[in-house]
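Down below is the structure, laid out as structure tokens.
The values are calculated or read from the model by the stated rules, or taken from the named source; none is laboratory data. Note that the coordinates shown come from a computational prediction; the quantities given were computed from them, not determined experimentally. Ideal geometry is used to build each Cβ from the backbone, glycine not excepted, and the neighbour counts take in all protein chains shown.
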Amino acid sequence: MFSSTYLSLLLCVTNAVVGEGSAKEGQPVSVGIPKLSDEEHISLGVPLEQRCRACQAVTFQLRQSLGRQRQRKGDKPLSETIYLETMEQVCKGTEKWDQYGYQEFAGGNILQGPGILKQQCYGGGVR
């Protein structure tokens, strides 16, 4: 799912992270592209160590899309059909997933993007 858009995703995420004030104004910023493992590079699915973060991303996108559906419906409950169609649109929609990519962190790569919590490293692992 992520393999065909790695470079653009990485650049988007890197630009977003750098834009959060990590450098002083007027000073050059050095940014590198993460080195991907074989699994990250060729996998059509999500690598095992990134599944929690991918789940956060999917949950965030579903919550956003269902929230928009609820606003349209007002006080009426959403039908099962709307839930299923919304889930299908989120899973098939590529424009939402272009916002995600890998970032180097503590000697490894972590998936970053909207809805994924910013993480800190404790004892060599991401938590």
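Got a number for residues in the range 75-119 being of a type in the set (D, E, K, R) and touching a helix residue (DSSP H, G or I) at 6+ places or on another chain (Cβ under 7 Å)?
So the answer is 2.
Please work out which residue is nearest to the chain's Cα centre (by Cα), limiting yourself to the range 75-115 and to residues that are exposed (fewer than 14 other Cβ atoms within 10 Å of the Cβ) and of a type in the set (Val, Ile, Thr).
Thr94
Would the range 67-87 turn up any residue that is assigned to a helix (DSSP H, G or I), at pLDDT 85 or above and under 25 Å from Leu48 (Cα atoms)?
Yes, the range 67-87 contains a residue that is assigned to a helix (DSSP H, G or I), at pLDDT 85 or above and under 25 Å from Leu48 (Cα atoms).
Matching residues to (1) at pLDDT 90 or above; (2) among the polar types (S, T, N, Q):
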{"site": "Val29", "(1), (2)": "no, no"}
{"site": "Arg51", "(1), (2)": "no, no"}
{"site": "Thr59", "(1), (2)": "yes, yes"}
{"site": "Gln99", "(1), (2)": "no, yes"}
{"site": "Cys121", "(1), (2)": "no, no"}
{"site": "Val126", "(1), (2)": "no, no"}
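Please specify each residue of the range 88-109 satisfying the condition of being out of contact with any strand residue (DSSP E or B) (no Cβ under 9 Å at 6 or more places or on another chain) and either under 19 Å from Gly45 (Cβ atoms) or assigned to a loop (DSSP other than H, G, I, E, B) (or both).
Listed by number, the residues that qualify are Glu88, Val90, Cys91, Lys92, Gly93, Thr94, Lys96, Trp97, Asp98, Gln99.
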